[in-house]
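The values are calculated or read from the model by the stated rules, or taken from the named source; none is laboratory data. Keep in mind that what you see is a predicted model, and the values were worked out from it rather than measured. Here the Cβ positions follow ideal geometry from the backbone for every residue, glycine too, while neighbour counts run over all protein chains shown. For the accessible areas, the whole protein counts, side chains as well, though only heavy atoms, and no ligand, DNA or RNA atoms are used. Shrake-Rupley method; radii C 1.70, N 1.55, O 1.52, S 1.80 Å.
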Amino acid sequence: MENFRYNMTNSSSESKDFSSYSFRKNLSNLPFANKLILISIYPLSLFVIIFRYNFLSEKYFYDSNGILSLMRTVNTIRISGNSFNNAALLFKSINFLNLTSLLEWSIVISFIANLFIVLYCFKVRIEKKSDIIISYCFLGLLNLYVFNLSKEIIQFAFFVIMYRIIKAKLSSNKKCILIFAMFALESVFFRSYYILMGAFFIAIHFIFSKKILIYKNGVINLGLLIVLGIVGLYIFLVLCELILPEEYVDLIGIRNRITLYRIGDESAQTLILNLIDSGSNKLMFLLNYVINFIRIMFPVELIPKGLYYWIFCFFQLLCTFKLINCVRNYHGLSENEKLCLFVMIAYYITGVFFEPDFGSFVRHEAATAPILFSLIIDISRSSKIIAN
């Protein structure tokens, strides 16, 4: 009996030693950049929380205050209804610590969400200077805009699940179905326009799978991709007008409805206003869309607005050029990275329809980090996975 106890104790000790050794080995094998990011995650998070609650104006807490207020009264979920209502009910149902203030929620959410970043740092090798810069950009934006009481943290959670689906050992078709299901689920309860992302994701997957965009040497024909994209959007508008006329009217007028009343507002310095009065003309609407797409992906118009906006401009330009590189080198992407690319293309196509300003666009884009970051960090080509 004593030998059994000794063996059990010894086995447990050996198991702990092995786990500790395995952790130290993984840590020692990480590049210096990974280690630097790891040790700076929580200090940076703490700094952002202090900065947010001491220096940012009340406009940055508008949505969060709305959710916190609704948590005191909300009791029933609404299908395709008020997304703030559903967000409030979700947070209320998981409030096991009886959190009562935005600061408390920020501390708890930041602590939990940053664990995902910590774990991810053990899965990739961050060595390129551009990847180090974009890693810190994501870390700052996530802690500033996403890791708090907001709909963005819910969006982040959905993209984490999509990331796990893409990494799962499933067939490509099963992954596509599950990813579409995630888009549909979020559209029902939180952001109704996400159903469009799901539809665009399936369409993009179909187009790329037919290989009509690829040259003989495996390089994507960017010109053909752009033409097909514009033609496809026009066909989408025609079908939408025929099948869903009310939704079509909402879609082509959405930008004017969400931006015109904010002109001159001090809190709306980066509005994306249509440059052409398109009215109900589909071709003019499409021309506006293409112009706005270019403006969002290459937001150089933010540069004259001051140093504060340079950071956002730099971040978006870095993301844009990384994504263009991924598209051009499509043949070098793994199957998982291709799915990530399809998700992000669908996200950008849809976002240009609905995002009212550059600030909102970057805030929502940051919440796609589980997919976007894993794509632009070049896992399969310039990085190696350490652990699955």
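Of 323, 286, 271, which residue is touching a helix residue (DSSP H, G or I) at 6+ places or on another chain (Cβ under 8 Å), of a type in the set (A, V, I, L, M, F, W, C), under 16 Å from residue 365 (Cβ atoms) and surrounded by 14 or more Cβ atoms within 10 Å (Cβ to Cβ)?
Just one listed residue meets the conditions, 323.
Can you say whether residue 313 is under 20 Å from residue 60 (Cα atoms), part of a helix (DSSP H, G or I) and open to solvent by less than 20 Å² (accessible area, probe 1.4 Å), as far as the supplied structure shows?
yes
Of the residues 190, 180, 208, only one is within 16 Å of the chain's Cα centre (by Cα) and open to solvent by less than 60 Å² (accessible area, probe 1.4 Å); which?
The conditions single out 190.
Could you grab me the full set of residues in segment 133-174 that are open to solvent by less than 60 Å² (accessible area, probe 1.4 Å), within 24 Å of residue 105 (Cβ to Cβ) and free of Cβ contacts under 8 Å to residues at least 24 places away in the same chain?
157
Residue check: is residue 177 part of a helix (DSSP H, G or I), without any contact (Cβ under 8 Å) to a residue 60 or more places away in the chain and touching a Phe, Trp or Tyr at 6+ places or on another chain (Cβ under 7 Å)?
Spelling it out, it is not the case that residue 177 is part of a helix (DSSP H, G or I), without any contact (Cβ under 8 Å) to a residue 60 or more places away in the chain and touching a Phe, Trp or Tyr at 6+ places or on another chain (Cβ under 7 Å).
Going through 69, 106 one at a time, which residue ends up being assigned to a helix (DSSP H, G or I) and open to solvent by less than 40 Å² (accessible area, probe 1.4 Å)?
106
List pairs: first in segment 95-121 and free of Cβ contacts under 8 Å to residues at least 24 places away in the same chain and within 18 Å of residue 41 (Cα to Cα), second open to solvent by less than 80 Å² (accessible area, probe 1.4 Å) and not in a helix (DSSP H, G or I), Cβ under 7 Å, 6+ apart or cross-chain?
Every condition considered, the pairs that remain are 108/99.
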